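One structure below.
The values are calculated or read from the model by the stated rules, or taken from the named source; none is laboratory data. The shown structure was predicted, so the numbers you read here are calculated from the model rather than taken from an experiment. Neighbour counts are summed over all protein chains in view; Cβ atoms, including those assigned to glycine, are modelled from backbone coordinates with ideal geometry. For accessibility, only protein heavy atoms count, side chains too; no ligands or nucleic acids. Shrake-Rupley method; radii C 1.70, N 1.55, O 1.52, S 1.80 Å.
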Amino acid sequence: MIRTAWTVLVGGIATFIFSSGAVLGGLLGVKHGPYYDGCARYWSKVILWASGVPVHIEGIDHVPANQPEIIVANHASWFDIPALATSVPKRTRFVAKKELERIPIFGRAWKTAGHISIDRQDRLSAIESLERAGAALRSDNSSVIIFAEGTRSVDGTLQPFKKGAFMLALHTGVNIVPTAIIGSHDALPKHHWRVRRRPIIVRFGEPIPMAGFGPDNRDELISLVRSRIEELLAIPDPRLVPRHQPEPTGQR
């Protein structure tokens, strides 16, 4: 309970400070991506510190600094966002639902920082958003991060994949990096409010080249990426805390 209250308090203050910084940067005409990436990265680090949730990174060499990639990941918790934001050491853009733009201050900062919003109710608008993501990828060799399930999994298991990430990959020819986020569901499941001090592992897999894939075998590509993420999720790790294990004594 104390940990949760502390995380909410510190997270709220950090969100206001770093979101305001991003908005101010936009008003002042700051165009440099590293500035906005810094705001997102430090915001994420503060929240992870306040919650006591450690993040371990594996396979980061699969995310090269000198070329773009599309990071396709599973999504089981709100903590997936700060975990990825602190794990990718280069320009990053998240693709997420348009509703995020409605959050006061944060929504304005989200747009100013160059993240991509998708209107799921408007197919034409969604396609235009993906085209902007593709142009951004090619312009600065950045990483575009997409949660393939489209929303958080309620029980932590892998849900059906949406097509957006794969349409983007086929349209741009940019490699897909299958990515597994493990442990975040134990830290904070969907529809729950209590933060638990559980380790998170971000595991980047080998890139999947788009050579040989086209619109006609899009479903084959989706199946391949899904199977790679399932394999990454299944790798055992002694750092993970078994689900439902009590909180360590002496912790907040």
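Some values worked out for this structure:
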{"read-out": "Calculated FRET efficiency for the pair His56/Met1, C-beta based, R₀ 41 Å, to 0.05", "value": "0.95"}
{"read-out": "Kyte-Doolittle mean at least 0.0 and Cα axial length at least 30 Å: DSSP H helices in the chain", "value": "2-27"}
{"read-out": "Rounded accessible area of Tyr35 (nearest 10 Å², 1.4 Å probe)", "value": "90 Å²"}
{"read-out": "Carbon and sulfur %, accessible surface of the chain computed with the full protein complex present, 1.4 Å", "value": "59 percent"}
{"read-out": "List Asp80, Asp155, Asp219, ordered by accessible area with a 1.4 Å probe, largest first", "value": "Asp219, Asp155, Asp80"}
{"read-out": "Added length on full extension, which subtracts the Cα-Cα distance from 0.36 nm per residue, Asp155 to Lys45", "value": "37.0 nm"}
{"read-out": "Compactness of the range 9-121, expressed as Rg and Dmax over alpha-carbon positions, Å", "value": "14.1, 38"}
{"read-out": "FRET efficiency estimate (nearest 0.05) - Cβ-Cβ, Asn217 to Ile103, R0 30 angstrom", "value": "0.20"}
{"read-out": "Accessible-area order (highest first, 1.4 angstrom probe) of the listed residues Ser227, Ser139, Ser51", "value": "Ser139, Ser227, Ser51"}
{"read-out": "Potential lengthening between Gln67 and Val8 on full extension [0.36 nm per residue; Cα-Cα distance subtracted]", "value": "17.6 nm"}
{"read-out": "Measure of compaction for the range 175-244 (Cα Rg per 2.2 N^0.38 Å)", "value": "1.39"}
{"read-out": "Size descriptor, Kirkwood hydrodynamic radius, that averages inverse alpha-carbon separations across the chain, Å", "value": "18.6 Å"}
{"read-out": "Cα-Cα P(r), the range 80-169, percent of pairs per 10 Å interval", "value": "15, 48, 34, 3"}
{"read-out": "Test item: Cα-centred dipole of the chain, Lys/Arg +1 and Asp/Glu -1 on Cβ, debye", "value": "860 debye"}
{"read-out": "Percent antiparallel among DSSP beta bridges (both partners in the chain, rounded to 5)", "value": "20 percent"}
{"read-out": "The range 122-204 - Rg and Dmax from Cα coordinates, angstrom", "value": "15.3, 42"}
{"read-out": "Dipole magnitude of the range 1-100 about its Cα centre (Cβ charges: Lys, Arg +1; Asp, Glu -1), debye to nearest 20", "value": "280 debye"}
{"read-out": "Of every Cα-Cα pair in the range 88-130, the percent that sits beyond 16 Å", "value": "37 percent"}
{"read-out": "Volume in Å³ per residue [convex hull over Cα atoms, computed for the range 154-194]", "value": "91 Å³"}
